[in-house]
Amino acid sequence: NGLDILKPKIAVVVQQQLDSDVSGVGFSLNPQNNCYDEAVISANFGLGETVVAGVVTPDTFVVDKVQRKIISRNVSDKKQAYVLADGGGIREEENAEPTASSLTDDQVLELVSLITKVEEHVEKPVDIEWAYESNKLYLLQARPITVYLPLFPEMVTAPGEQKHLFIDFVVMTQGFSKPMSVLGLDIWGRILTKVQPFMPHGEDGVFWEIHGRNYFHVSNMLATPGGEAGIAQAFALHDGNTGRILETTDLTEYKPAVVTKKNKGMVWSRFKYLLRVLPSIFHGMWQGENAMDWYDEKANEFLVRFEQGGSEESNKTARTFSDEVNVADQAWEELMDTFGSLVASFYSTWRLQKMFDGDDDAKDLLVTLNMDLDANPTSEMGHLMVQLASFPDIRETETGEEFVQKVQNKAYSKEFLEAYNNYMHKFGCRGMMEIDIASSRCSEDPAAFFSHLKQIDIEGNQTMTVTERKEQAYQTLCEHAAQHGKENKFKYHANVIQKVGGYREHGKYVCVFLISYLRRRALALGKKWSDEGRLDSPGQIFDLHIDDIAMGEQSSDLDLKEVARKNKAAYEAVANVSDWPTVIDSRGKIFRAPREDVDDGLGGDPISPGTVRGRAKVLKAPYEKPLESGEVLVTRATEPSWTPIFINAAAVVLEVGGPLQHGAIIAREYGIPCVSGVETATKVIKDGDLLEVDGTNGVVKIIDEESLNEDD
């Protein structure tokens, strides 16, 4: 700036010291729930130091800025205050009326007006320090709030206008919070379109893919005929807390008066879809344990078509990437039309629940009956990993580098190499955030895969006793059914669940298999463009939309680097957000589920029965640190890439997830006690805490070891 560093100059600001009667801080948004329409004010008598330094618990006021209405006040017992000393400096004194409100309602509203003016001037949320002296309000300082969740501009509605409610579909159902890539979200959106073709996509639809996030637009759904019916119960299957939020929120506040044009045909679209899948539903109900034979045939053809080497048609022709996506779309849609046969498993599950209704002892046994089901690829993946980890070849290998060299040189036993190649052929497509085409696959990093195998406890893992526990549950339930003359019905429905129930995870597996195929195609094109200088690296192709790639293939003049940069710009604004909320509205308000008090414990949803004690291991990612055998896995949510971690776990505690979430399914498959919906688990629980996890009643207790030792 042209300054001479050898002759520095400094400007000194001299301000009058206020002898404030009341002072404190104010926020232009509510830091507790991120709501842009709520201001929060903290206040105490005297100088503001007692508030800023935490010397007292200040009075707190929450104000609706739009309606200019105080919606919450908490007047504290403020025993101390700081005031100006006669000779200079400050001194502490006792408040004459510590339980009196430090601010009048008029002053609170005057403060809100000041906070709002500052926010409008800065054009971003702010916190301020303020003071009243002789009933005159002074602004002492203001600064932008940096720790809050900024919504994408497209999602924000103006203050006082019709608000919208959104559910983060990926956080709720897939178990990860990081944004998906540009290309990955495009492809995921198209996959969802084939799974639920009656639900439109876009800002005026039901599913909305925007800047790496996949939202369910609750408001647009509510406006459709019958849109409110069963919505809370449906979401509770994926996440109990989301269901409770919807049950306890006044949804009329978020229901638009007019149905969007795109959503007007939803009822008819749903009916047409039902007609399309009815044959597979009837087939499943009629065929019982053979319900999935149509699906099996189609799925096997699908997997052969998109196996590791790529489809035969693609290898023979110079298809563009967008052509590849269209071919994949068609194949996926044809496969999904046969998936309705899975209803046979749901029907048999319902029939057994009715059969044992009122029998408390049978409740947990029915969950155990769902362990280790046939045709569940996620469960099979875990079993095969245990098998691989048990080979002497693995136990005698020290490093990942050594493992890679021996695999490449075929220096391992024939039996191990066959098992390893079989695993990679089936499950090399899987990995963290596997629904995102930009995410690496386990086949791409064999050294990391080796480290995962080495972490498995091959002598005391959860897969070893699954068969025995399941057989015991089956025999006990069969005896109970026989006492009521229903033994044959029980055996029939239990067999259907065993043969068909595991397929509920198969659709996800096939989806990931397809995404892995498209990933290889995209990277091949990305490498070509990188070699030509059109991209900085092959992986930059994931920063492009499908339409961008199509235009890039048609014209060599398109500046792909600039297109990628523009596509990623919106990501940068939220790059510091690590844990995305599941439910949020268009004014930034983050919703949290109400929770009933639980004596001496954290309450959640019972997912998989049983009660165990073990040391906690809190993980944000599957392999950030080893989970030792017998430890309790505590995390926000999981996806199939966490399966090897479950093998060592004594129990699982999740913040997000319901009965149909992948973590819940695998916990039941392996018979691991599991509690979900414990919202603050990863913050309250620390590594090494002794936990008691009650998966039957949905309670997690942190054991006080000192009192435990005293009792002993």
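The values are calculated or read from the model by the stated rules, or taken from the named source; none is laboratory data. Quick caveat: nothing in here was measured; it's all calculated off a predicted structure. Methodologically, a virtual Cβ is constructed for each residue, glycine included, from the backbone with ideal geometry; neighbour enumeration extends over all protein chains shown. These accessible areas exclude ligands, DNA and RNA; they are computed on the full protein's heavy atoms, side chains included. Shrake-Rupley method; radii C 1.70, N 1.55, O 1.52, S 1.80 Å.
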Separation of alpha-carbon centers, the range 485-517 and the range 379-393, rounded to whole Å: 22
Helical mean residue ellipticity (222 nm; -39500 (n - 2.57) per DSSP H run of 4+; nearest 500) of the chain: -12500 deg cm²/dmol
Carbon/sulfur fraction of accessible area - the range 588-712, other protein chains in place, 1.4 Å, %: 45
Nearest-0.05 FRET efficiency for Asp77 and Tyr273, computed from C-beta distance (R0 35 Å): 0.05
Within the range 201-218: backbone nitrogen closer than 16 Å to the Glu333 label point (7 Å, Cα to C-beta): 201
Area accessible to solvent at Met221, 1.4 Å probe radius, in Å²: 20
In degrees, nearest ten, helix 105-122 long axis to first principal axis of the chain (Cα): 70
Val122/Glu247 FRET efficiency (R0 35 Å; Cβ-Cβ; nearest 0.05): 0.40
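Asn290 to Val404: extension gain in nm, 0.36 nm per residue of separation minus the Cα-Cα distance?
Full extension of this stretch gives 36.9 nm more.
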Share of carbon and sulfur in the accessible heavy-atom surface of the range 246-365 [1.4 Å probe, %]: 54
Net charge dipole size for the range 602-712 [Lys, Arg +1 and Asp, Glu -1 on Cβ; Debye, nearest 20]: 520
Unsatisfied cross-links (Cα-Cα over 29 Å) in the set Lys508/Lys568; Lys426/Lys454; Lys255/Lys686; Lys178/Lys454: Lys255/Lys686
Crossing angle, helix 182-195 versus the chain [Cα axis fit, 0-90 degrees, rounded to tens]: 60
Point-to-point label distance, Lys363-Val684, nm (Cα→Cβ direction, 7 Å offset): 2.1
Accessible area in square angstrom per residue, the chain, 1.4 angstrom probe: 47
Gain in span if fully extended, Val52 to Arg143, counting 0.36 nm per residue against the direct Cα distance: 31.3 nm
Trp130 accessible area, 1.4 Å probe, all protein chains in place, Å² to nearest 10: 0
Folded to 0 to 90 degrees: helix 487-500 orientation relative to the chain principal axis, Cα: 80
Computed accessible area, Ser440, all protein chains, 1.4 angstrom probe, square angstrom: 70
Packing-based ranking, highest mean first, of 559-571, 34-46, 286-298 given that Cβ atoms within 10 Å are counted: 34-46, 286-298, 559-571
Whole-percent carbon and sulfur share, accessible surface of the range 376-461, 1.4 Å: 48
